[in-house]
Amino acid sequence: MGTAKKEKSRRTREGNTKDGNLRVKGENFYRDGKRVKFLNMYTKGGAIKNKKGDLVRAAPLQDTATPDARVQPDRRWFGNSRVISQDALTHFRDALGETKKDTYQVLLRRNKLPMSLLDEKDTTESPKARILETETYAHAFGPKAQRKKPRVAASSLDDLVKSTVDDHKTFEEKQELSTTLGLMGNASDEQDGWTQVAKEHIFSKGQSKRIWNELYKVIDSSDVVIHVLDARDPLGTRCKSVEEYMKNETPHKHLIYVLNKCDLVPTWVAAAWVKHLSKERPTLAFHASITNSFGKGSLIQLLRQFSQLHSDRKQISVGFIGYPNTGKSSIINTLRKKKVCQVAPIPGETKVWQYITLMKRIFLIDCPGIVPPSSKDTEEDILFRGVVRVEHVSNPEQFIPGVLKRCQVKHLERTYEISGWNDATEFIELLARKGGRLLKGGEPDESGVAKQILNDFNRGKIPWFTFPPDREEGPKKGEEGAKKGEETSGETTSNKRKADDEATEEVAKETTEPKKVKV
């Protein structure tokens, strides 16, 4: 009769019916091998000594004796180095050099490619001390030597230290005089002869250190960066210094343009700007509206393609950057088809960055508006780009001549139903008397009327736009070409609307569908 059967009979006879392993002599049912090793770690981990206290065996990792060992003479120790021939290096640079510069092609797994070989210059371009080209051996040494000691920048170590201190002092003074303490400053303006002029404090909005910190956080956290431009002035609302920063520091991130507010310009103008900007980066035309949007389906399909490129990640993040009041938050609300971001027709509504979920694999990041510092931009340019709140501007009537220069007379007559002015002062006076905005003594309220005109100009009530650099001859004739272009693009627009509706349904389905987890 087996041992286990005897134990079972004994427990039945004693009335011990509780569940548990049958304890059999010679076997341990309470400790497995893993538990025994864990306990031995405490009991056998110390040093072993004899009766006299002499050390017999030291504790693990505490032995002072030098082990008798040597490095195995194996060729595999040197297998990590790679040698490439000049022909193979030239072929690699030719094959990937153009692909790296092409914004419409994507290099996957850049961290496993020797991208530094593409940035390194050849020996003909690399910095090298060209001694012989400066002065030959015959002029420096021998019987025909023209000098007795070599020409160097500093004759002694003290001169070298002094020149270094002077250079450092000049650099610090330049940093202190910089308006942004060197933060994303545009050094090309100073090289071209442009200098920073004194401006009102209100025209320095969007350049604070807090705003730039928010921008850097968005760029660092994003896999795809969308640069939102105003269709009325795309070149004026481009942040070229930020694009240059991303090109040099984060070349692995994707940068695309979205031409927002395309409903405020004629169709041929938006198409010409998209054609012009597409030469540098992928560009999409967009009209932000929760109920009647344009370009939504194309943008969602593009984001889906980026998510497929990064299929090894669980999700991708898409950051929106650009000037204030260009419609970054409105685009996010359009993609979600509900108000998830606070929007307003005034700049500076978005204060901090925020994450919004578009789909299970795509997240959107909203960023405050940024204004890169530039010496070329005047106060008028900054105001007309919507960077400054008009109610905070002092003497707004001085900017009305710029409005009259940018807008056509017929558009102003159609908007305000007045006519017959010769200059900006008469225009303000006519509009003030028409609206009854008069001060004491019947004088027109020039400041209040000027602020109203500037608000209408920035918010799209007055039609205006900048011509694209390479516009065609046909649409130059004015509204006839614009109307013709709008008529011919009617079918395309309707197809776009249908695609936007389908994309909206897909996004709503993905965001509302519960996630299924495999067990």
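The values are calculated or read from the model by the stated rules, or taken from the named source; none is laboratory data. Worth saying up front: this structure is predicted, and the values here are computed from it rather than measured. Positions of Cβ are backbone-derived with ideal geometry, glycine not excepted, and every protein chain shown enters the neighbour counts. Keep in mind that these areas ignore ligands, DNA and RNA; they rest on the heavy atoms of the full protein, side chains included. Shrake-Rupley method; radii C 1.70, N 1.55, O 1.52, S 1.80 Å.
Okay, here's what the table says:
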{"item": "Complete set of residues in the stretch 58-104 that are polar (S, T, N, Q) and assigned to a loop (DSSP other than H, G, I, E, B)", "result": "GLN62, THR64, THR66, GLN72, ASN80, SER81, SER85, THR103"}
{"item": "Matching option when the condition is over 25 Å from the mean Cα position of the chain (by Cα) and either surrounded by 22 or more Cβ atoms within 10 Å (Cβ to Cβ) or not in a loop (DSSP other than H, G, I, E, B) (or both), among VAL258, VAL274, VAL269", "result": "VAL269"}
{"item": "Cβ-Cβ under 6 Å pairs, at least 6 apart or on other chains, the stretch 421-436 side under 13 Å from ALA450 (Cα atoms), far side modelled with pLDDT of 90 or more and polar (S, T, N, Q)", "result": "none"}
{"item": "Pick from the stretch 60-115, criterion among the polar types (S, T, N, Q) and modelled with pLDDT under 75, ranking: least open to solvent (accessible area, probe 1.4 Å)", "result": "SER81"}
{"item": "Qualifying residue in the stretch 433-443 (condition: in a helix (DSSP H, G or I), open to solvent by 20 Å² or more (accessible area, probe 1.4 Å) and touching a Phe, Trp or Tyr at 6+ places or on another chain (Cβ under 8 Å))", "result": "yes"}
{"item": "Per-region count, the stretch 41-59, residues open to solvent by 100 Å² or more (accessible area, probe 1.4 Å) and under 56 Å from the mean Cα position of the chain (by Cα)", "result": "2"}
{"item": "Criterion violated by ASP119 - all others in (1) within 30 Å of TYR257 (Cβ to Cβ); (2) modelled with pLDDT of 75 or more satisfied", "result": "(2)"}
{"item": "Within the stretch 306-315, tally of residues that are open to solvent by less than 30 Å² (accessible area, probe 1.4 Å) and modelled with pLDDT under 90", "result": "1"}
{"item": "Qualifying positions in the stretch 391-420 - of a type in the set (Ser, Thr, Tyr) and either over 18 Å from ASN455 (Cβ atoms) or free of Cβ contacts under 8 Å to residues at least 24 places away in the same chain (or both)", "result": "TYR416, SER419"}
{"item": "Count of residues meeting criterion [surrounded by fewer than 21 Cβ atoms within 10 Å (Cβ to Cβ) and either without any contact (Cβ under 8 Å) to a residue 60 or more places away in the chain or not in a loop (DSSP other than H, G, I, E, B) (or both)] in the stretch 359-376", "result": "2"}
{"item": "Residue under evaluation PRO468, criteria (1) open to solvent by less than 60 Å² (accessible area, probe 1.4 Å); (2) modelled with pLDDT of 90 or more, criterion not met", "result": "(2)"}
{"item": "Residue count, the stretch 279-305 (criterion: more than 20 Å from VAL343 (Cβ to Cβ), open to solvent by 30 Å² or more (accessible area, probe 1.4 Å) and touching a residue at least 40 places away in the same chain (Cβ under 8 Å))", "result": "6"}
{"item": "Condition check for ASN333: open to solvent by less than 10 Å² (accessible area, probe 1.4 Å), under 23 Å from ARG406 (Cβ atoms) and polar (S, T, N, Q)", "result": "no"}
{"item": "GLU349 open to solvent by 50 Å² or more (accessible area, probe 1.4 Å), assigned to a helix (DSSP H, G or I) and of a type in the set (D, E, K, R)", "result": "no"}
{"item": "Condition met for LEU117 (over 26 Å from ARG281 (Cβ atoms) and in contact (Cβ under 8 Å) with a residue 24 or more places away in the chain)", "result": "no"}
{"item": "Test result for LYS247, open to solvent by less than 10 Å² (accessible area, probe 1.4 Å) and among the charged types (D, E, K, R)", "result": "no"}
{"item": "Failed item in (1) open to solvent by less than 40 Å² (accessible area, probe 1.4 Å); (2) part of a loop (DSSP other than H, G, I, E, B), with VAL343 passing the rest", "result": "(1)"}
{"item": "Any chance LEU383 is among the aliphatic types (A, V, I, L, M), in a helix (DSSP H, G or I), open to solvent by less than 40 Å² (accessible area, probe 1.4 Å) and under 18 Å from ARG232 (Cβ atoms)", "result": "yes"}
{"item": "Residue list for the stretch 221-244, filter: open to solvent by 50 Å² or more (accessible area, probe 1.4 Å), touching a residue at least 12 places away in the same chain (Cβ under 8 Å) and either of a type in the set (D, E, K, R) or assigned to a helix (DSSP H, G or I) (or both)", "result": "LYS240"}
{"item": "Hits in the stretch 105-116 - residues which are assigned to a helix (DSSP H, G or I) and within 20 Å of LEU309 (Cα to Cα)", "result": "ARG110, ASN111, LYS112"}
{"item": "The stretch 145-174 residues that are within 30 Å of LEU132 (Cβ to Cβ), paired with ones that are at pLDDT 80 or above and surrounded by 10 or more Cβ atoms within 10 Å (Cβ to Cβ) (beta carbon under 7 Å, 6 or more apart)", "result": "ALA154/LEU160; ALA154/SER163"}
{"item": "Residue within the stretch 486-493 that is under 37 Å from the mean Cα position of the chain (by Cα), outside any helix (DSSP H, G or I) and either of a type in the set (Asp, Glu) or modelled with pLDDT under 90 (or both) present", "result": "yes"}
